[in-house]
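The values are calculated or read from the model by the stated rules, or taken from the named source; none is laboratory data. Keep in mind the model is a prediction, meaning the values are calculated, not measured. Please note: Cβ atoms are built from the backbone with ideal geometry, for glycine as well, and neighbour counts cover all protein chains shown. With ligands, DNA and RNA removed, areas are computed over all heavy atoms of the protein, side chains included. Shrake-Rupley method; radii C 1.70, N 1.55, O 1.52, S 1.80 Å.
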Amino acid sequence: MLDWMSTPSSPAETARAGIPDSALAGPFPVGEYASALRAKLRSLARVQLVGELVNLRPSRTRVYFELRDSSGAIPCAAWLGDWEAMSARAGGAPAEGMQIVVAGGCDYYPGSATSSPGFSFAVTDLRLAGEGDLLARIDRLRKQLDGEGLLELQKRLARPLLPRTIGVITGEGGKARDDVRAALARRGWAGRLVWGFAPVQDRHAAPAIVRALSDLVAVAHVEVVIVARGGGSLADLLCFCDETLCRTVALLDVPVIASVGHHTDRTLLDDVAAVSCSTPTHAAEAAVGVDCARARSEQAAAAARLRDHGRRAVLSRARLLATLSRAPAAHVERQRTRLHQHLREIRAAGRRRIQSERRLTRQRALVLKRKADSSLLDCRRRRPQELEGLALALAGHDPQRTLERGYVLVESSRGEPLLSAAEARAADQVGLRFAEDTVPAKILRP
């Protein structure tokens, strides 16, 4: 194989002595050997490969991926423009997990003083061959878990709105750890954070994650668990499609929040977990359902408002009580003032009534005096004259005067006058009343 390498000929080359007693040619400069290796690999025959596409990584100029099957894997690369043209001819861009056929040959990048070398299979054409075996196995396992009802168990669990203890399973040196801590810090969460560091990529990752889950639930008494990992290819995330891991998560009585890969990545753990999040930041926000910092500020504002309302309520009620406490005295004072005014009005009315009655009495007394004077005048002057006239009139009708003129009055024995001869005849004894005396007489009947 070394016939394509020339022997060192310059003084500098001869100055670099090789390994003593070694039968191998050289030493050769690394750059020359790398260039010769690239030329040798490119001279190999062009072939077609069939396998499952995994770990697809587009860049600005190149597209990198791997072809795998059950017995091996090989890195592949293509220029971005050639990849788009090949995808158009194939009827669509290949996705991870698909079975494809590629055509091309070996290529080698020799690297430099600042970049690393790399081997790849340079792809010049491709064809889609169908769904890969990896995706088919994942789909069969998903249907099996769904048929057993394991995809819904976690989703039925009640998640605490503000957990006091959160468990996080992630790689010890990954960015997901910092993302979770930063998101919880922005939330203002001040609970206990328990870390369960485990590998998140390779064949040993799934058992380690299962052990970390068991330890967090059994020992740390966490209320919710976050399983976080950054983005990667389907092959990198294959450990999160492990059947044992999925069954363990489904049967846990603690909610598990999955945050594996990027927005477009989907693993079986995302289907089994209680919540599937696109990023570790989103997972931390889902674990703590309350923005604690905002809740604290809102609570402080509400407390301040409540304190102000309470102070105003106490002051208003104190003023009302003070007003009510002054009300009886004010009422008594108002009543006293009203009574004083009423008394003054009564006194004034009494004085006015007395003065009025006094004036009326004076007027009546004057009238009575005038009437009395008039009556006294009548009694002194007119009344005697009237009495004399009446006396004369009475005397003119006095029976005694009639008797004095020679008349006789016949009276019964009881002194009653007899007015007719029949009455006189009926009486036995009569009296004959003369002017100066009465003479008894007896009636003789013929």
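Data table
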read-out	value
Gained length - D308 relative to S112, 0.36 nm times residue gap less alpha-carbon distance	63.3 nm
Solvent exposure of the stretch 50-146 as accessible area per residue, Å², 1.4 Å probe	53 Å²
Separation between Cα centres of the stretch 36-105 and the stretch 239-293, rounded to whole Å	32 Å
Accessible area of the stretch 303-446 divided out per residue, in Å², using a probe of 1.4 angstrom	87 Å²
Residue-by-residue Karplus 3J(HN,Hα) for the stretch 350-363, coefficients 6.51, -1.76, 1.60, Hz, glycine and proline x	x, 4, 4, 5, 5, 4, 5, 5, 5, 4, 5, 5, 4, 5
Under the Karplus curve 6.51 cos²θ - 1.76 cosθ + 1.60, θ = phi - 60°, whole-Hz ³J(HN,Hα) for the stretch 187-202, x wherever Gly or Pro sits	5, x, 6, 10, x, 9, 10, 10, 9, x, 6, 7, x, 10, 6, 2
The stretch 115-193 versus the stretch 295-340: alpha-carbon centroid distance in Å	62 Å
Extension gain from A329 to L141, taking 0.36 nm per residue of separation minus the Cα-Cα distance	58.7 nm
Amide H contacts of V194 (H built 1.01 Å from N, under 5 Å, at least 5 apart or other chain)	I166, G167, V168
Solvent exposure ordering (accessible area, 1.4 Å, most first) of M98, M86	M98, M86
Interchain or long-range residues, amide H under 5 Å from T279's placed H	none
Peptides ranked, highest mean first, by Cβ atoms within 10 Å: ranges 408-418, 286-296	286-296, 408-418
Coarse-grained scattering of the chain at q = 0.08 Å⁻¹, given as base-10 log I(q)/I(0) from a Debye sum over alpha-carbon atoms	-0.79
FRET efficiency, L376 to D398 (Cβ-Cβ, R0 41 Å, nearest 0.05)	0.85
D398, D178, D378, ranked by accessible area, largest first (probe 1.4 Å)	D178, D398, D378
Cα-based Rg / Dmax (Å) for the stretch 313-446	42.7, 133
Carbon and sulfur %, accessible surface of the chain computed with the full protein complex present, 1.4 Å	56 percent
Ellipsoid semi-axes in whole angstrom, largest first, where each is sqrt(5λ) of the Cα gyration tensor of the stretch 276-320	42, 7, 4
Computed label-point distance, nm, for sites V50 and R364 using a 7 Å Cα→Cβ extension	14.9 nm
Which of K155, K369 is most accessible, then next, and so on - probe 1.4 Å	K369, K155
Spacing of the two label points (7 Å from each Cα toward its C-beta) at R405 and T165, in nm	15.9 nm
